[in-house]
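These notes concern the structure reproduced below.
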Amino acid sequence: METILFKLSLLILSSLCLKLLRCDGADRITPTRSLSGDQTIVSAGGVFELGFFKPGKSGNYCVGIWYKQVSPRTVVWVANRNSYSPLPDRFSAELKITDYGYLALHDGSNREIWSTGMVDRNFRYAEAVLLDDGNLVLTSNGSSPISPNQSLWQSFDHPGDTWIPGGKIGFNKVKEQDISLTSWRNRDDPATGPFSLKLGPNRSLELRNMYTAFRASESFSGRVSSSISEMKLKLMSLSYVDNRNESYLTYSQYNISQLAQLVEEPNALIKQLYESGYNGSLFSRYVVDVEYSSEVFYRGCYRSSPLQCRKPDWFLPNHNVKLPDKPETTVAGSPKDCEAACLRSCSCTAYSHSGDQCFTWYGVLMNLQQDVPGGQTIFIKLAGSDSKFPSSEKKKRVIIGCVVGSVIVLLAITVSVVIVRLRKKQKAEPGKVMEGSSVAFTQKELKIATRNFTEKLGEGGFGSVYKGTLPDSSVVAVKKLDGVSFSQGDMHKQFLAEVRTLGTIQHINLVGLRGFACDPTRMLLVYDYMPNGSLASHLFTGEDSKTLDWKTRDFSRVLTTFRGTIGYLAPEWLSGEAITAKADVYSYGMMLFELVSGRRNSHITRTGHYFPTWVATVVNEGGNVLDLLDPRLNGNADIEEVGRVCRVALWCIQGDESHRLTMSQVVYVLEKILEVNIPPIPRILQTFTDLDSNGQQFWISR
């Protein structure tokens, strides 16, 4: 009898111990229980697990949630997907509740690389609990069960690329934020990609490519009758929730014994996944059946042959298509008139004709869909080298070619004579030729226009700039180039070649070149006059009325050059190494520093620092980047944008040009399409950093 009682006591004690272990936090992180290395927490029912994992072939770790019982591992949520700091060692990392009551991820240097943020200053005690629906909930109430309505923060409000039962797609009215799925950048990088699934107007689901919706469902009214017709929801029941705090779509399963999820892939495929009742494996049903071959899907497709512009380009008809976004519409009497209009423009890539309307597209064709019932016909322009022309078209072109060839032969001698005479005239009188779209002025004309160069606007590395008025009353800026003359080798030919090139460039962000004048001793360039002054006149003025606010500085649109000023030149200019496009990237990075600080880099800061060195120190030590901001802005700037611009600038001025960003990468980062890590301190700044740390003074000469 005693033996039986003893065994019964052991059984009861063991059961109590198991319950105590469960209550001790196997499904949660508490102020006294953090997560590191290969440790995990598991939801109370054993459905989901949270811990450290490596995405794909990446060498860095992330914190994520996955199905506990599914193999291979199926990740449904990632915490630090957009962290700037890599996490190569999970054993030195720690996911914990901070002293301020929020959940944060720290690396081996105890730097915070991800957090839920301080959600409520009134609560210093909190727990992060993983629920059986896959929701990670931060709560100040340690009791069970946990209600998401009482949470301080929950992962369902910040979904990744996966929509699991009970999850949300909608809008948070309090924070005015979308709750949407966003794809991974690629299969090895969970960072935010370009594709998203959002709740659009009228309760419709929209599949978006960055800012453009290219597929949308019909309005939700108890079920989804979708024009995203491949999305079969027969295994799921959707519902719409609308209250004063949020409005969202959510769904549940008809068979709660099966695991289910909707995943947005990096190639814009939407997969509906659920667990097979036989072997536990997952299989998919595709929504979009088109997939690019590249691993970076959002970069799209490229032409195999560039358009040849007024050479034998031709059009390939595509029937039953949904026409691309954003056409230009004009009136055209016939399809031939529409085709001719597209051929006349080198940038026109396609056209479509309907009734008396002509639709033309320029640049990349966005959201073109084939095999659409009731679709239209689009004619896509292709280079002549892409394919042979139809035989009738070829015959017609042969006839035209023969006629044109005959005319060319008859005119060849005349043209040759004209060219020879023009070349002789050019050598005799350099100031009389016409180069591209630029006008050739005489020295006397520009001397009169500038009133003998009396009104000086400013000066740069290559010379001074004067204000002038042409005979047609248009105001211009005339730049007198110093230190160059035709006696310097082939300078005359080089000058005319550069004028010819600059005269053909028309861009909204570049000052237009109106003309030039040259003789053996002096060269002049004539530009459009800028009544608002230059960028420098706004950045470096002492007048508050001219100060540019943070948004107006518009980093993604600034294009300029600093070739003439020491301090902006890439090291390879001074060392005699080969010059590449990365030299201009270096100058662009130096200019970004001035846009942030509102002063020239050559000016020492109030604390005695060289400004680029100060930026490198603050960024690498995780300091407050708003301390770097132009003091006239009084801190009125987005801290994330300031940090992003500073990181881009530091990557642009790396000593090794192979480590610098390309200009296309600079644009992607500034537009928040790409992310960059914290850059190392550039080699050229390390000397200044060492000097500053030893308390020595330094300066930059101009």
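Per-residue answers, yes or no, for (1) assigned to a helix (DSSP H, G or I); (2) at pLDDT 90 or above; (3) surrounded by 16 or more Cβ atoms within 10 Å (Cβ to Cβ):
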| position | (1), (2), (3) |
| --- | --- |
| Gly622 | no, no, no |
| Leu650 | yes, yes, yes |
| Ser658 | yes, no, no |
| Thr687 | yes, no, no |
| Phe698 | no, no, no |
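In region 651-677, what residues are hydrophobic (A, V, I, L, M, F, W, C) and either more than 16 Å from Val619 (Cα to Cα) or within 17 Å of the chain's Cα centre (by Cα) (or both)? Within region 651-677, Trp651, Cys652, Leu661, Met663, Val666, Val667, Val669, Leu670, Ile673, Leu674, Val676 qualify. Of the strands (runs of 3 or more DSSP E) that lie entirely inside region 139-213, those containing 1 or more residues that are over 28 Å from Ser85 (Cβ atoms), modelled with pLDDT of 85 or more and among the basic types (Lys, Arg) span 189-199. Checking each residue in region 327-369 for being among the small types (Gly, Ala, Ser) and surrounded by 20 or more Cβ atoms within 10 Å (Cβ to Cβ) picks out Ala332, Ala350, Ser352.
Name the one entry in Pro312, Pro324 that is surrounded by 10 or more Cβ atoms within 10 Å (Cβ to Cβ) and at pLDDT 80 or above. Reasoning before the result, please.
Details: Pro312 fails: at pLDDT 80 or above.
When all the criteria are applied, what remains is Pro324.
Residues of region 57-102 that are more than 20 Å from Gln154 (Cβ to Cβ), among the hydroxyl-bearing types (Ser, Thr, Tyr) and more than 23 Å from the chain's Cα centre (by Cα): Tyr61, Ser71, Thr74, Ser92.
The values are calculated or read from the model by the stated rules, or taken from the named source; none is laboratory data. This is a predicted model, so every value here is computed, not measured. Neighbour counts are summed over all protein chains in view; Cβ atoms, including those assigned to glycine, are modelled from backbone coordinates with ideal geometry.
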